[in-house]
Amino acid sequence: MAIPTALRFVEPQALAYRRTWRASVVSNFLNPVLYLLAMGAGLGTLVDESADPSGMGISYLAWLGPGLLAAQAMQTGAGESSFPIMAGFKWRKSYVAVMNTPLDATDIFVSTYVWIVVRVLQVSAIYAAVLVAFGVTEPLGAVLGTLTATLTGAAFATPIMAFTSRLEDDTGLSHLFRFGVVPLFLFSGTFFPISQLPELVRPLAYATPLWHGVELSRSVALGMETTFPWWASVGFLVIWAVVGAIFALPQFRRRLVV
Amino acid sequence: MGEPLVEARNLTKRFGTFTAVDSVDFTIERGEVFGFLGPNGAGKSSTMRMIGATSPITEGQLKVFGLDPNADGREIRARLGVVPQEDMLDEELTVTDNLTIYGRYFSLPRSVIKPRVDELLEFAQLTEKRDAKVEALSGGMKRRLTIARALISNPELVILDEPTTGLDPQARHVLWDRLYRLKQRGATLIITTHYMDEAEQLCDRLVVMDGGRIAAEGSPAELIDRHATPEVLEVRLDVDDHAGREADFAGIGSRTEVLADRILLYVEHADEALQEVRAKGIIPAATVKRRAGLEDVFLHLTGRTLVD
Ligand SMILES: Nc1ncnc2c1ncn2[C@@H]1O[C@H](COP(=O)(O)OP(=O)(O)OP(=O)(O)O)[C@@H](O)[C@H]1O
Ligand SMILES: [Mg+2]
């Protein structure tokens with residue numbers, strides 16, 4: 001049974017990942033534990049004395065957890081669709097090497113994206129399991145949260161792939177993280193509700209995929225009301241992913257077929 | 001004429017307004033070793049990448065296995081083995097993993113790949129290194145691994161873009177031996193090189209490329225016969241610049257070439273020519289008598305030396 005050409009480039013990426021999977025899993029596990037201890041349990045005790053961001057009387061830790069789950073998915077998606085893509089085109093040139101096989105640029109794009117989504121899914125599942133251990137959510141909420149987080153990461157991955165595949169070196173990538181990913185992480189309703197933001201910039205948060213991801217995550221994990229219907233947020237994330245792919249795929253072709 | 005595997009007519013590649021390959025014609029037949037000899041920037045790699053169906057042709061016709069690379073690239077690549085100019089190996093994976101992964105791109109089942117990897121490791125003399133990471137290999141080993149990788153799918157046609165550039169003489173000879181064995185097994189090889197001796201040793205037929213064009217075509221012996229004399233006498237004089245000194249040698253041999261540091265006399269017999277030089281009262285600082293080679297063909301065709 002032959003693997004379709006569009007998926008044949010997944011296996012080598014998994015094989016490369018296998019070399020470092022232990023370290024990767026440990027850090028994927030420690031990251032939520034440390035964040036939840038410091039921000040949720042530590043900082044949270046102060047917050048809980050003075051405010052109730054959920055408006056539902058749940059702890060800051062519980063409110064923060066699903067938000068962080070979505071934010072972590074964004075960061076994983078962004079990380080996996082930036083430096084490794086640069087390496088494929090330029091540093092290790094693995095994409096260029098693969099172009100000499102029956103695979104083509106579209107196959108490389110699809111396989112790369114599939115692997116990114118698998119990675120986001122994996123990181124999100126570990127995160128969600130930690131949330132269950134902290135008593136933030138039930139197992140069902142964790143499973144659904146893993147799915148919405150994966151969708152969030154997937155929505156970030158294609159536009160960032162499009163961005164990265166235009167770059168000649170990685171200075172653009174440090175700008176992307178400094179001026180894109182980090183501000184989104186801080187101001188998309190993960191740590192405090194966007195109702196705290198000045199009225200003028202609030203629509204900006206509605207336009208970012210992360211805020212929708214955070215909303216969905218809290219909805220499935222905590223049963224919180226969403227600002228927009230859930231399907232609208234899901235649709236919005238899907239649109240980001242599709243539009244990103246529409247830009248990224250021709251860019252892959254242009255770069256690999258010369 | 002044997003069965004043509006690659007046929008190019010007016011094959012042209014442009015990058016923007018720059019013409020890298022300028023309307024070249026050639027036919028490569030099954031079972032032969034066909035060479036592209038030329039200096040840096042001649043258009044060798046651009047031609048290889050068009051044959052390899054990774055670079056779309058700009059103009060002209062190209063058929064590989066009778067197929068059109070622009071339309072049937074996937075099918076052509078499935079039947080090719082390509083050794084690119086840059087190795088582009090997976091440095092962090094082992095030698096065996098590199099071969100296995102590459103086999104998977106060709107949809108080979110693991111049961112087929114496994115024995116073939118063992119065989120290719122033997123062929124490339126890398127059996128001891130099978131579990132080493134690629135980053136720990138020497139340049140020559142990496143090159144041999146790149147060649148082994150290209151052979152994992154048992155290709156009918158193997159394209160080797162400068163297989164030995166950057167290797168020491170011993171490593172080059174090991175590679176030549178491997179390539180010769182490949183030919184013995186019936187593979188068709190296309191080789192680019194800027195080493196004259198490599199082209200002379202390996203190629204049944206070759207084209208000399210320069211500035212995107214083909215300057216001459218034939219077997220090494222034919223080309224030498226057509227564009228040079230049997231022997232060459234190289235004369236070094238005790239002067240800083242040899243320019244303008246060729247007049248001193250008028251009447252000796254059929255042709256002279258002046259390089260910065262020596263004068264080349266194209267002659268039937270180098271011994272006799274040296275006597276004629278002495279008879280003219282010229283006292284060379286040094287002389288070399290040798291048989292003519294592809295270097296001389298290239299010099300004659302382009303007026304330049306092809307430095308390694
Ligand atoms: N992608 C590209 N974009 C623009 N110009 C290119 C590109 N690839 C090659 N060229 C130009 O085309 C010309 C031929 O390049 P090519 O790589 O085919 O030469 P070559 O004979 O393989 O040289 P070398 O011996 O250095 O490998 C060069 O002038 C090169 O700069
Ligand atoms: Mg080249």
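Observations
- Calculated diffusion of chain A, Stokes-Einstein form, Kirkwood radius summed over Cα pairs, 4 °C and 1.567 mPa s, µm²/s: 68
- Normalised alpha carbon radius of gyration of chain B [divisor 2.2 N^0.38 Å]: 1.15
- In chain B, the longest principal axis of the Cα atoms and the axis of helix B:95-105 are about 70 degrees apart.
- Taking N as its residue count, the alpha carbon Rg of the range B:231-282 over 2.2 N^0.38 Å: 1.01
- Measuring heavy-atom accessible area with a 1.4 angstrom probe and counting protein chains only, the residues of the range A:16-51 that give up at least 40 Å² relative to the chain alone are A:ARG19.
- Per residue, the convex hull volume that the Cα atoms of the range A:86-164 enclose (Å³): 100
- Comparing A:ALA97, A:ALA205, A:ALA70 in a Gaussian network model of chain A where C-alpha atoms under 10 Å apart are linked, the largest mean-square fluctuation is found at A:ALA97.
- Spatial offset of the range A:146-190 relative to the range B:271-308 amounts to 64 Å, using the alpha carbon center of each.
- Relative contact order for the range A:16-63, counting Cα pairs under 8 Å that sit 6 or more residues apart, in percent: 30
- Mean Kyte hydropathy of 0.5 or more with a Cα span along the axis of at least 18 Å, helices from DSSP in chain A: A:21-35, A:105-133, A:139-164, A:230-256
- For the protein assembly as shown, fraction of C-alpha pairs farther apart than 29 Å, in %: 64
- GNM on chain B, alpha-carbon springs under 10 angstrom: the most fluctuating residue among B:VAL21, B:VAL117, B:VAL258 is B:VAL258.
- Surface accessible to a 1.4 Å probe, A:TYR206 within the full protein complex, Å²: 80
- Across chain A, the relative contact order, built from alpha-carbon pairs under 8 Å that are at least six residues apart, equals 27 percent.
- Projecting the Cα atoms of A:GLN122, A:HIS175, A:MET161 onto the charge dipole of the range A:90-210, computed from C-beta unit charges around the Cα centre, puts A:HIS175 farthest toward the positive end.
- The range B:219-308: C-alpha gyration tensor shape, a/c 1.5 cut-off, then a/b vs b/c: oblate
- Residue by residue, the range A:181-194 carries 3J(HN,Hα) couplings of 5, 5, x, 4, 4, 7, 10, 9, x, 6, 9, 8, x, 6 Hz when phi is fed to the Karplus relation 6.51 cos²θ - 1.76 cosθ + 1.60 (θ = phi - 60°); x denotes Gly or Pro.
- Among beta bridges that DSSP assigns inside the protein assembly as shown, antiparallel share in %, nearest 5: 65
- 10 Å-binned pair-distance histogram of the range B:168-253 (Cα, whole percent): 12, 32, 29, 18, 7, 1
- Total accessible area lost when A and B pair, probe 1.4 Å, Å² to nearest 100: 2400
- Pairwise inverse Cα distances across the range A:29-157, averaged and inverted, put the Kirkwood hydrodynamic radius at 16.1 Å.
- For the range B:172-219 versus the range B:1-39, the inter-centroid distance based on Cα atoms is 14 Å.
- In this structure the range A:5-256 gives 43 Å² per residue of accessible area when probed at 1.4 Å with all protein chains present.
- From phi via Karplus (6.51, -1.76, 1.60), per-residue ³J(HN,Hα) for the range B:180-193 in Hz, x at Gly/Pro: 4, 4, 4, 4, 4, 6, x, 6, 9, 10, 10, 10, 9, 7
- Only one residue of B:PHE249, A:VAL201, B:THR96 has its Cα farthest out toward the positive end of the dipole of the protein assembly as shown, where Lys and Arg carry +1 and Asp and Glu -1 on Cβ, and that residue is A:VAL201.
- Computed accessible area, A:PHE228, all protein chains, 1.4 angstrom probe, square angstrom: 80
- Distance violations [Cα-Cα > 29 Å] among A:LYS90/B:LYS13; B:LYS63/B:LYS129; B:LYS142/B:LYS183: B:LYS63/B:LYS129
- In this view, the solvent-accessible surface of B:GLU257, computed with a 1.4 Å probe and all protein chains in place, comes to about 40 Å².
- Taking the square roots of 5 times each eigenvalue of the Cα gyration tensor of the range B:83-127, largest first, gives ellipsoid semi-axes of 17, 14, 10 Å.
- Relative contact order for the range B:71-218, counting Cα pairs under 8 Å that sit 6 or more residues apart, in percent: 26
- Computed over chain B with a Gaussian network model linking Cα atoms closer than 10 Å, the most mobile of B:GLY35, B:GLY139, B:GLY281 is B:GLY281.
- Hydrodynamic analysis of the range A:46-105 uses the Kirkwood radius over alpha carbon pairs. Inserted into Stokes-Einstein at 37 °C and 0.692 mPa s, it gives a translational diffusion coefficient of 219 µm²/s.
- Assigned charges on the beta-carbon of Lys, Arg, Asp, Glu; the range A:184-258 dipole about Cα centre (debye): 460
- Within the range B:31-154, the percentage of alpha carbon pairs spaced more than 25 angstrom apart rounds to 32%.
- For the Cα trace of the range A:119-258, dividing Rg by the Kirkwood Rh returns an Rg/Rh value of 1.01.
- Of all accessible heavy-atom area on chain B, the percent that carbon and sulfur account for (1.4 Å): 46
- For B:ILE159, the residues whose amide H sits under 5 Å from its own are B:GLY81, B:VAL82, B:VAL83, B:ILE190, ignoring neighbours fewer than 5 places away on the same chain, with H placed 1.01 Å from N.
- Computed from the C-alpha gyration tensor, the three semi-axes of the ellipsoid equivalent to the range B:134-180 are 18, 14, 8 Å, from longest to shortest.
The values are calculated or read from the model by the stated rules, or taken from the named source; none is laboratory data. All figures in this text were calculated on a predicted structure; none of them were measured in a lab. FYI the Cβ positions are ideal-geometry reconstructions off the backbone, even for glycines, and counts take in every protein chain you see. Calculation scope for accessible area: heavy atoms of the full protein, side chains included, ligands and nucleic acids excluded. Shrake-Rupley method; radii C 1.70, N 1.55, O 1.52, S 1.80 Å.
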